[in-house]
Amino acid sequence: MRDKAAWQLEVRPSSTDTLVICLGGRWCVDQNPPAPDSLKDRLDASVRRVSFDASRLADWDSGLLSFVSEISKSCANRGIAVDSSGLPPGAQRLLAMAQAIPEQKLARRDRGPRGTLAHVGTATLEFFRGLPRMLDFLGEVVLSVLRLLSGRASFRIRDLWLEIEEIGPRALPIVSVISFLVGLILAYLGADQLKLVGAQIFIADLVAIGMVREVGALMTGVIIAGRTGAAFAAQLGTMQVNEEIDAFKTLGISAIDFLVLPRMLALMLMVPLLTLYSGFIGMLAGLLVSVTIFDIGIFEYYTETLRALDFRQFAVGLSKGAVYGAMIAFSGCLRGMQCGRSAEAVGHAATSAVVTAILLITIAASIMTIVYYQLGI
Amino acid sequence: MPAIPHIEVRGLSMAYGDHIVQRGLDFVVNKGDIFVVMGGNGCGKTTLMRALVGLQRPTAGSVLYSGEDFWNAGPAAQQTLKRRLGVLFQGGALWSSLTLAENVALPIAEYTGLPASRVNEIVAFKLALVGLAGCEDLYPAELSGGMKKRAGLARAMALDPDILVIDEPSSGLDPLTARRLDELIMELRDSLGTTIVVVTHELASILSIGNNSIFLDSESRTMIATGHPQDALKNGHPKVRHFLTRGGEGSPPPRNDSSETP
């Protein structure tokens with residue numbers, strides 16, 4: 001079938017300056033028609049005119065059209081006249097339609113491979129361009145918070161509750177699992193070191209202070225950054241794609257007030273609470289390990305834990321939780337609001353939100369740890 | 001040209017859960033038809049399109065392509081049928097992480113195994129055909145709505161499909177571009193013999209390009225007219241005339257469903 005019906009191509013000069021391209025058989029994409037490049041060598045300076053003879057052509061589709069279109073383009077570049085009257089009428093009309101609108105030269109751009117240096121340069125420039133936008137967003141959020149404090153910011157309380165439910169109760173399972181395992185790791189870590197001085201009872205102190213002050217907040221922050229920060233960026237990014245954010249702007253409603261504030265409040269409220277919960281679960285894991293593996297009595301562990309903890313430890317943990325919550329909300333909403341208008345941009349916004357949030361959380365954690373140490377809290 | 005049935009729809013019903021969108025649709029689209037699916041907003045035009053192109057299983061009835069039942073065919077047969085089908089979605093549905101050229105090239109490269117240079121030539125021709133020559137390297141996000149739609153058409157035509165299903169071809173296009181698109185659709189039918197199904201409520205398009213049609217009614221939830229749109233305009237169901245004259249002629253749609261006698 002294929003052999004019988006496949007394309008045929010023959011080129012013959014009909015007079016001194018005219019080239020006739022004879023087409024025969026089936027010129028369809030599935031017949032793997034020839035490359036027009038093979039003909040371009042024949043279009044030398046002696047040729048002034050190209051015409052076609054399609055009398056033996058059985059069937060055709062885009063395979064023929066793209067071939068002729070390429071030939072026509074080469075001819076146009078070399079000032080050779082093309083006479084397409086020998087082609088089937090339908091093909092002539094489609095080719096004419098394709099040539100009706102000239103190529104848009106401006107649209108072409110250089111996307112060739114770039115060197116490492118260029119990549120580094122672009123990325124650096126992009127980073128420094130991003131900083132003012134970040135500050136701009138921070139400023140808008142601060143203004144929005146001021147409006148909230150003066151009672152002029154408008155958002156729906158229902159949104160706040162929805163966010164609170166989504167961020168808090170629904171995150172309990174994952175926070176439980178991670179906190180339990182981290183508490184277990186801390187207990188083992190402490191047991192190994194404290195065994196050297198025979199003071200294994202201090203596992204209770206290590207786990208309690210470690211979980212409540214630092215690790216609980218940090219783990220919760222990282223979990224919520226991945227869970228909620230990414231979701232915020234994706235939600236706001238999709239709203240940006242759908243022009244929903246623009247709709248707020250044209251109505252004179254602050255998108256920051258309406259979308260960012262409830263999310264930020266919900267996070268600043270729920271992350272400290274989750275931090276408390278995480279600390280509690282971590283201590284439970286420490287207790288379990290100490291009692292079953294290291295032969296420490298339940299009540300011993302309990303009293304030692306109570307002795308280790310005081311209000312300061314809780315205050316430190318809660319304050320860190322609140323700050324991390326704000327960082328997550330800031331990065332998630334920032335990346336969402338900055339999102340471009342495509343599916344790819346939404347994915348990028350979500351990734352970038354998590355990376356930014358974890359970076360900010362770690363920086364904030366370091367600064368707060370140093371400051372609290374210096375203040376002796 | 002003798003009428004050869006290309007798409008046959010028999011007793012088709014579509015529903016979302018308990019909500020029936022359309023029921024009892026029976027029509028035939030002949031080879032080389034430009035078949036217009038008309039109807040007001042929310043009457044189920046797009047749902048019908050989704051059932052035709054294999055995106056949504058109808059609750060009852062069958063869709064036959066050249067006699068082959070799509071929804072009762074095996075996965076492999078469905079795949080073969082889908083290959084002969086080009087679809088242009090309402091918003092263009094271009095893949096945003098690919099350039100225009102890559103968008104059009106993907107189906108060609110996937111199905112034909114042509115060398116890359118040949119694929120690029122076909123892509124260049126398809127884009128030129130829809131008036132986007134030279135826009136190969138642009139990303140969909142850099143295009144206007146009308147350009148996206150035209151690029152979507154170039155992708156739908158990539159494999160020279162036997163059947164082209166187009167959802168709202170001219171909405172959001174300026175009148176000149178819309179007319180050019182209509183001309184292109186007719187030219188595809190005339191020169192390549194493509195069967196074209198157009199879902200639209202653009203009156204100018206309906207009356208100028210369609211040679212067969214159905215009218216979906218949202219109140220009785222079924223089709224109330226078939227045939228040439230010009231005939232429907234002259235002596236069709238009052239509701240259809242009402243629609244095709246933008247409310248100028250025919251009776252306003254009656255409020256009561258039971259008063260309807262088809």
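Every read-out reported here was derived from the displayed coordinates using simple, explicitly stated rules and does not represent laboratory data. Note that the structure is predicted; figures quoted are calculated from it, not measured. Glycine also receives a Cβ, built like all others from the backbone with ideal geometry; neighbour counts cover every protein chain displayed.
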If unit charges are put on Cβ atoms (+1 for Lys and Arg, -1 for Asp and Glu) and the dipole of the protein assembly as shown is taken about its Cα centre, the option from A:G347, B:A101, A:A285 lying farthest towards the positive end turns out to be B:A101
Region A:295-338: translational diffusion in µm²/s, Stokes-Einstein, Kirkwood Rh over Cα pairs, 37 °C, 0.692 mPa s: 249
Of the DSSP beta bridges with both residues in the protein assembly as shown, give the percent that are antiparallel, rounding to the nearest 5. 45
If one builds a Gaussian network model of chain A from Cα atoms under 10 Å apart, the most fluctuating residue listed among A:E70, A:E344, A:E163 is A:E70
Take every residue in peptide B:113-123, count the Cβ atoms of other chains within 10 Å of its Cβ, and give the average of those counts. 5
Can you work out the FRET efficiency for the pair A:D246 and A:K40, with r the C-beta to C-beta distance and R0 = 60 Å, to the nearest 0.05? 0.75
On C-alpha positions alone, give me the angle between the axis of helix B:116-129 and the longest principal axis of chain B, in degrees, nearest 10. 40
Separation of the B:D69 and A:L117 label points, Cα + 7 Å toward Cβ, nm: 6.9
Under 1.5 on a/c is rounded, so check that first for region A:182-271, then, if it is not, pick prolate when a/b is larger than b/c and oblate when it is not; a ≥ b ≥ c are the square roots of the alpha carbon gyration tensor eigenvalues. prolate
Plugging the Kirkwood radius over Cα pairs into Stokes-Einstein for region A:78-219, at a temperature of 37 °C and a viscosity of 0.692 mPa s, what D comes out in µm²/s? 136
Got the relative contact order for region A:120-375 handy, in percent, Cα pairs under 8 Å and 6 or more residues apart? 30
Amide H within-cut-off set for A:A58, under 5 Å, with H built and near neighbours excluded: A:G25, A:R26, A:W27
Nearest-20 debye value, chain A charge dipole, Cβ charges on Lys, Arg, Asp, Glu: 860
So how tilted is helix B:100-112 from the main axis of chain B? Cα-based, degrees 0 to 90, rounded to 10. 90
Kirkwood Rh over alpha-carbon pairs of region A:260-377, then Stokes-Einstein at 4 °C and 1.567 mPa s: what D in µm² s⁻¹, rounded to an integer? 78
For peptide A:55-68, compute the average count of partner chain beta-carbon atoms within 10 Å of each residue's beta-carbon. 4
Kindly express, to the nearest 10 degrees and within the range 0 to 90, the angle between helix B:145-156's C-alpha long axis and the longest C-alpha principal axis of chain B. 80
Convex hull projection area averaged over all views, chain B, Cα basis, nm²: 14.9
Need the C-alpha centroid separation for region B:68-120 versus region A:124-158, integer Å. 44
What does the convex hull of the Cα atoms of region A:2-106 come to per residue, in Å³, rounded to a whole number? 106
Where in region B:1-37 is the amide nitrogen less than 17 Å from a point lying 7 Å along the Cα-to-Cβ axis of B:R57? B:12-19
Along its three principal axes, how long is region B:60-212 when you only count alpha carbons? Whole Å, largest extent first please. 42, 41, 28
Please identify the DSSP H helices in chain A that span no less than 30 Å along the helix axis (Cα) and have a mean Kyte-Doolittle hydropathy of 0.0 or more. A:116-149, A:172-194, A:261-292, A:311-337, A:343-375
A 31 angstrom limit on the alpha carbon distance is what I want to check against. Which of B:K82/B:K239; B:K126/B:K239; A:K73/B:K148; A:K40/B:K149 exceed it? B:K82/B:K239; B:K126/B:K239; A:K40/B:K149
Using the Cα atoms of region B:91-160, I'd like the radius of gyration and the largest Cα-Cα distance, Dmax, both in angstrom. 10.7, 32
Cα convex hull of region A:248-308: how many Å³ per residue? 78
Rounded to the angstrom and largest first, Cα extents along the principal axes for region B:2-119 equal 48, 34, 29
tail above 49 Å in the computed P(r) of the protein assembly as shown, as % of all Cα-Cα pairs, reads 38
Spread of Cα-to-Cα distances over 5 Å intervals beginning at zero, given as percent, for region A:120-375: 1, 7, 12, 15, 16, 14, 11, 8, 6, 5, 3, 2, 0, 0
A:L172/A:Q104 FRET efficiency (R0 51 Å; Cβ-Cβ; nearest 0.05): 0.35
